[in-house]
There are 2 protein chains.
Amino acid sequence: MTTHTQIRELINRLARLDAASGWAGNLNPTQRSVLGYLARANQFSRSPSHVSDYLGTTRGTTTQSLKSLLQKGYVKEQRSELDKRVISYALTPKGQDIAGSAVPMEDALNALGSNERDALQSALLSTLRNALAKNGGREFGLCKTCIHHREKGGAPYCALLKTALSAEEADQICHEQVPV
Amino acid sequence: MTTHTQIRELINRLARLDAASGWAGNLNPTQRSVLGYLARANQFSRSPSHVSDYLGTTRGTTTQSLKSLLQKGYVKEQRSELDKRVISYALTPKGQDIAGSAVPMEDALNALGSNERDALQSALLSTLRNALAKNGGREFGLCKTCIHHREKGGAPYCALLKTALSAEEADQICHEQVPV
DNA sequence: ACTACTAGTATCGAGTCGAAACTATTGCAA
DNA sequence: TTGCAATAGTTTCGACTCGATACTAGTAGT
């Protein structure tokens, strides 16, 4: 068995364990991923299309997942005024409780030394970047690590969307992010 | 966002990418995982129960997956004579073709330096061990890295099952494996 | 105004998944 | 030896994922 195969297996098993680990709410792995993404994405990146891009599924599937999250009261719709086709989903207080609750795998990662943990994170990130580059996928990094991120009057500013941003927004995931 | 959350996200996204990447055959991610496991497990570790333990799902689900792999001609049943309840699944030649075909994510991992790749593998393995220890899960490591592995007359021997093993078997996954 | 494109939805079929009920076989113990 | 508990595997149910396809509605470009 090659090293590559082993790494792939490890990643898949860890993802499975993570998915199977107890989570609050009546949510399956995909729904939890959607909720987790919405919790960390900025207001310009919370539409069904963005979620599908992030998760690598189709818009049809995402619509279904959002429908069941909506029904369970974890998210709410916000239709855009500017473009009436666009919907941005936001977490309800109930959804925020769940998204902020304890993270599976946390103990397992804590048991790693902090050097090892940093090495793990950077190797995973490189791998993800390489893999995404092959597929034309986006990285979905944080706003503040983007080439379009500026400072304007001491506050964060997006040169692409030509909008001022709150400090909080600069720390969120953005669909348009292009790493520096 | 904490480092832990980021690592979890990276693992989940990579697993999703891996699942979505093109594979031969008409197989979904779970079926591919089952096939991949069967391809690498020894003859004592290829029953529905073992597959469920490995994947962390229930026996019911595994039965369904095996049924569809059987129907598609990728695996075949081998009922045990010793214990008539037990079934061991083996890959057909067609199944071996698929299991041996190109691995998604291979290029992404190749782009990593070999040091970084080794660090990645060992950090992932530690994390998996920690996580499994919490759940009482087994590691499913290779036979030759097990405390029950011996040499007898120059050939591998399992002190638990009290059986001689081929060199090939010593290199396979065993359900009973306990890391040295 | 026409057309191409984009955002989101609905529906289909195959399949996952956990849960629970079920059959067949094996093991243990009174 | 009979009798029961444990084990291996199957079946069925309901909720859901997922890709594919066809659909509606709003937006842009010519």
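Would you tally the residues in the stretch B:34-50 being open to solvent by less than 20 Å² (accessible area, probe 1.4 Å) and not in a helix (DSSP H, G or I)?
3
What are the residues in the stretch A:101-145 that are open to solvent by 40 Å² or more (accessible area, probe 1.4 Å) and closer than 18 Å to A:C174 by Cβ, if any?
Scanning the stretch A:101-145 gives A:L125, A:R129, A:G136, A:R138, A:K144, A:T145.
Can you tell me which residue within the stretch A:58-71, out of those that are open to solvent by 50 Å² or more (accessible area, probe 1.4 Å) and within 10 Å of DNA strand D (Cβ to nearest atom), is farthest from the other protein chains (Cβ to nearest Cβ)?
A:Q71
Examine the stretch B:91-99 for a residue that is open to solvent by 20 Å² or more (accessible area, probe 1.4 Å) and within 13 Å of another protein chain (Cβ to nearest Cβ), and state whether such a residue exists.
Yes - at least one qualifying residue is present in the stretch B:91-99.
Listed here are the residues, each with its yes/no results for (1) away from DNA strand C (no atom under 15 Å from the Cβ); (2) among the small types (G, A, S).
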| site | (1), (2) |
| --- | --- |
| A:R16 | no, no |
| A:A19 | no, yes |
| A:S33 | no, yes |
| A:G36 | yes, yes |
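Pairs please, first residue from the stretch B:78-90 and open to solvent by less than 40 Å² (accessible area, probe 1.4 Å), second anywhere and more than 8 Å from DNA strand D (Cβ to nearest atom) and among the charged types (D, E, K, R), Cβ atoms under 9 Å, 6+ apart in sequence or on different chains.
Pairs that qualify, where the first residue is open to solvent by less than 40 Å² (accessible area, probe 1.4 Å) and the partner is more than 8 Å from DNA strand D (Cβ to nearest atom) and among the charged types (D, E, K, R), are B:I87/B:R46; B:I87/B:R79; B:S88/B:R46; B:S88/B:R79; B:Y89/B:R46; B:Y89/B:K76; B:A90/B:R46; B:A90/B:K76.
Got at least one residue in the stretch A:53-76 being in contact with a Gly (Cβ under 9 Å, 6 or more places away or on another chain) and within 9 Å of DNA strand C (Cβ to nearest atom)?
no
On the basis of being within 14 Å of another protein chain (Cβ to nearest Cβ), within 30 Å of B:T145 (Cα to Cα) and within 13 Å of DNA strand D (Cβ to nearest atom), does A:R16 make the cut?
yes
Got a number for residues in the stretch B:158-177 being in contact with a His (Cβ under 6 Å, 6 or more places away or on another chain) and either among the polar types (S, T, N, Q) or open to solvent by less than 50 Å² (accessible area, probe 1.4 Å) (or both)?
The total comes to 3.
Considering only the stretch A:91-102, I want to know if a residue exists there that is within 30 Å of B:T58 (Cα to Cα), under 14 Å from the mean Cα position of the chain (by Cα) and away from DNA strand C (no atom under 11 Å from the Cβ).
Within the stretch A:91-102 (the criterion being within 30 Å of B:T58 (Cα to Cα), under 14 Å from the mean Cα position of the chain (by Cα) and away from DNA strand C (no atom under 11 Å from the Cβ)), the answer is yes, since at least one residue qualifies.
Return the pairs, sorted by first residue and then second, in which the second residue is within 7 Å of DNA strand D (Cβ to nearest atom), the first residue lies in the stretch A:28-42 and is facing another protein chain (nearest Cβ under 9 Å), the beta carbons are less than 8 Å apart, and the residues are 6+ apart or on different chains.
A:S33/A:L55; A:Y37/A:L55
The values are calculated or read from the model by the stated rules, or taken from the named source; none is laboratory data. Predicted model only: the values in this text are computed from it and were never measured. For neighbour counting, all protein chains shown are included, and Cβ atoms are generated from backbone atoms with ideal geometry for every residue, glycine included. Each accessible area value is taken on the protein alone, full model and side chains, heavy atoms only, with ligands, DNA and RNA left out. Shrake-Rupley method; radii C 1.70, N 1.55, O 1.52, S 1.80 Å.
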